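Below is one structure, written out as structure tokens; comments come after it.
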Amino acid sequence: MKRSQEILPTALLILLAFFIRAHSIQSLPPFNDESLHIRRAELIYKFTDRNLNMTLGKLLSYYWIGLFHPARLEAIFVGRTASALFALLGLAAAYSTARFLFGRIGGWVTLVLASFSPFMIFFDRLALSDGLTAALGMLVIWASLLMMRRANCGKRCPLAIWAGSLSGLVITSKLLGLPIAGVPLVAVLTLSCQPVIRLNLASLRQILRIHRDKLTTVYITFGLVMLPFIWHIVDRTITGKYVNVVNNNLINGAAEEKSPPQVLIANLQSLWTANQVLHGSILWILTLIGAAYVLWKRPREGSYLILSTLLAWSMSLVFAADLSTRYLTLGVLPSLVILGGAVSLTIQEAAKINIEKPSLPFSMPERAAMAVLLVWLVWIPLPFINHAWNDPTELHLPEADQWEYFGNFGSGYALVDAARDMEDLPRSEPSGRIQVIGLVGSCHQIRLYLDEHGPVRLECPFFGWQGEFMQDVANLIDERAAEESTVYL
């Protein structure tokens, strides 16, 4: 098949992936963090708060969702659809990477796996930063690969500029993507065409010296992307204004009761469970076997993909004392590229010993791979997609995620009913509206179901992580009680 003939089926599959992610996208009520992302997206382009506009964390998702100017009642639809749209960049990068390294079959197998991956589908359908970070991380892997495979890529190589810029954008999307900045260096060390007689410090220095220009371009570009945000943090630190870059609860909270080895072991168990539950035990085991097989058959390419995947997962596994499954999405796409590559290499090896009529449209090994892929699609992704569209509470998720999205205070299910009930309350005078002050942390989620100019006036005062602003909240309650005949708390 000619390369031009691949474009249409590839584009159609990517569009199908978008439909899977975007259809019935509001079936799951907004999660706590989604509401916060949307609120910041509403404010980000007003440029009235430097901390909001410049503090690293999940910054890029605020700018991305904010581009679409989400109105309150449509915000969850707009925010989630924007995230699903951005995810297509990651799918395209995964396909291109596998296609470049392992050929047409590797690219298509990877794209099918990524398009129907329950792991990616669930988080790509949420207005969170994790889907954006995963897409950008895959783009870094793709750009770094092309940078190494273009012979004329030197000091002014556009691909080196792309790799450096994308590495910076990953970090602006989510700080857990920081290790992805090492992917261009890994590409140089593993994909260099220079023969290495013996792997030692001298040979590594030689490789770095040969590729010094492109690495210099990568990391100067990376530094330029990061410079404004680093300046902001340094300036705030010097002036004594605290900038909360990382939620301390993620790193320090549970770590008070767990040693670093305990954190790592627990997170490795979570990684295993998440892949086992969301992709199925067989696919996860095949991925691990495939990694070993690719490393054996294609040591350079295998090393590059495996190390890139480990970098993507490294910060979450080592530091996240309170690990959420969504933190692991960054490494899912490159792991699927590995599996797609292993399938392609297996088919190529089997074809060497396969004897059959050449007139058949697909070889026996290709038909076998298609059959296995079809069984997996029917067994795991299709039921998952059906539940995601129609009844998310029936989704087969890791136990921690069932609690996080359906059971704890951040879940939106009870809040939907609360918003409806508020509109039936008696109105207050003299405003003629229903005055409500929310005293729960998830109050801001309810506003996504209430018209800003409708009968309910909902206020969600910030009382602080430790209740340090409760006096301000009490003053607000006294003020409203003096103004209105009825105030609901």
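The values are calculated or read from the model by the stated rules, or taken from the named source; none is laboratory data. What you are looking at is a predicted structure, and each value in this text was computed from that prediction instead of being measured. Cβ atoms come from the backbone with ideal geometry, glycine included; neighbour counts cover every protein chain shown.
Restricting the stretch 418-430 to residues that are surrounded by 13 or more Cβ atoms within 10 Å (Cβ to Cβ) and assigned to a helix (DSSP H, G or I) leaves a set whose member that is farthest from the chain's Cα centre (by Cα) is MET422.
Within the stretch 454-475, how many residues are in a loop (DSSP other than H, G, I, E, B) and either out of contact with any Gly (no Cβ under 7 Å at 6 or more places or on another chain) or among the aromatic types (Phe, Trp, Tyr) (or both)?
The initial filter retains those residues of the stretch 454-475 that are in a loop (DSSP other than H, G, I, E, B), namely 454-455, 460-469.
Among the residues that remain, those that are also either out of contact with any Gly (no Cβ under 7 Å at 6 or more places or on another chain) or among the aromatic types (Phe, Trp, Tyr) (or both) are: 454-455, 461-469.
Count: 11.
Looking only at residues in the stretch 458-488 that are within 27 Å of ASN244 (Cα to Cα) and among the aromatic types (Phe, Trp, Tyr), the one that is nearest to the chain's Cα centre (by Cα) is TRP465.
Just one of the listed residues (ALA400, ALA414) is at pLDDT below 95, surrounded by fewer than 19 Cβ atoms within 10 Å (Cβ to Cβ), small (Gly, Ala, Ser) and under 29 Å from PRO455 (Cβ atoms), and it is ALA414.
Being surrounded by 14 or more Cβ atoms within 10 Å (Cβ to Cβ), aliphatic (A, V, I, L, M) and over 27 Å from ASN390 (Cα atoms) is the requirement here; does ILE44 meet it?
Numbers: surrounded by 14 or more Cβ atoms within 10 Å (Cβ to Cβ): yes; aliphatic (A, V, I, L, M): yes; over 27 Å from ASN390 (Cα atoms): yes.
Judged against the criteria, ILE44 is a match.
Of the candidates ALA388, ALA342, ALA320, the single residue that is on the phi < 0 side of the Ramachandran plot and at pLDDT below 95 is ALA320.
Look at ARG326 and say whether it is buried (at least 17 other Cβ atoms within 10 Å of the Cβ), of a type in the set (D, E, K, R) and within 21 Å of the chain's Cα centre (by Cα).
Details: buried (at least 17 other Cβ atoms within 10 Å of the Cβ): yes; of a type in the set (D, E, K, R): yes; within 21 Å of the chain's Cα centre (by Cα): yes.
For ARG326, the condition - buried (at least 17 other Cβ atoms within 10 Å of the Cβ), of a type in the set (D, E, K, R) and within 21 Å of the chain's Cα centre (by Cα) - is met.
One residue stands out among those in the stretch 224-240 that are free of Cβ contacts under 8 Å to residues at least 24 places away in the same chain, on the phi < 0 side of the Ramachandran plot and not aliphatic (A, V, I, L, M): the one that is surrounded by the fewest Cβ atoms within 10 Å (Cβ to Cβ), which is THR239. Please verify whether GLU459 is at pLDDT 85 or above, surrounded by 14 or more Cβ atoms within 10 Å (Cβ to Cβ) and over 21 Å from LEU28 (Cβ atoms), treating the condition exactly as stated. The answer is yes for GLU459. Kindly establish whether GLU301 is of a type in the set (D, E, K, R) and either at pLDDT 95 or above or not assigned by TED's automatic domain parsing to the domain that holds LYS58 (or both). Yes. Here GLY223 meets each of (1) small (Gly, Ala, Ser); (2) within 23 Å of ALA143 (Cα to Cα); (3) at pLDDT below 90 with one exception, condition (3).
Of all residues in the stretch 272-300, which are more than 24 Å from the chain's Cα centre (by Cα) and touching a residue at least 60 places away in the same chain (Cβ under 8 Å)?
First, pick out the residues of the stretch 272-300 that are more than 24 Å from the chain's Cα centre (by Cα): 289, 292-300.
Those that are more than 24 Å from the chain's Cα centre (by Cα) and touching a residue at least 60 places away in the same chain (Cβ under 8 Å): ARG298, ARG300.
So that you can scan it fast, the table gives a plain yes or no per residue for (1) over 31 Å from the mean Cα position of the chain (by Cα); (2) at pLDDT 95 or above; (3) among the aromatic types (Phe, Trp, Tyr):
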| site | (1), (2), (3) |
| --- | --- |
| LEU159 | no, no, no |
| LEU166 | no, yes, no |
| LEU169 | no, yes, no |
| LEU176 | no, no, no |
| ILE180 | no, yes, no |
| PRO195 | yes, no, no |
| LEU204 | yes, no, no |
| ARG209 | yes, no, no |
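Kindly provide the set of residues from the stretch 378-397 that are in a helix (DSSP H, G or I) and either surrounded by fewer than 16 Cβ atoms within 10 Å (Cβ to Cβ) or without any contact (Cβ under 8 Å) to a residue 24 or more places away in the chain (or both), ordered by number. Passing the criteria: VAL378, TRP379, LEU382, PRO383, ASN386, HIS387, TRP389, ASN390, THR393, GLU394. Summed over the stretch 12-44, residues that are at pLDDT below 95 and more than 14 Å from LEU126 (Cα to Cα) total 6.
None of LEU288, LEU215, LEU264, LEU250 is modelled with pLDDT of 95 or more, surrounded by 13 or more Cβ atoms within 10 Å (Cβ to Cβ) and part of a helix (DSSP H, G or I) except LEU288. Does at least one position in the stretch 431-454 carry a residue that is more than 30 Å from ARG80 (Cβ to Cβ), surrounded by 12 or more Cβ atoms within 10 Å (Cβ to Cβ) and hydrophobic (A, V, I, L, M, F, W, C)? No, because not a single residue in the stretch 431-454 is more than 30 Å from ARG80 (Cβ to Cβ), surrounded by 12 or more Cβ atoms within 10 Å (Cβ to Cβ) and hydrophobic (A, V, I, L, M, F, W, C). Of all residues in the stretch 125-150, those satisfying the criterion of being more than 12 Å from the chain's Cα centre (by Cα) and assigned to a helix (DSSP H, G or I) are LEU139, VAL140, ILE141, TRP142, ALA143, SER144, LEU145, LEU146, MET147, MET148, ARG149. Using the structure shown, decide if PHE122 is crowded, with 19+ Cβ neighbours inside 10 Å, within 15 Å of the chain's Cα centre (by Cα), at pLDDT 95 or above and under 19 Å from SER27 (Cα atoms). In short, yes.
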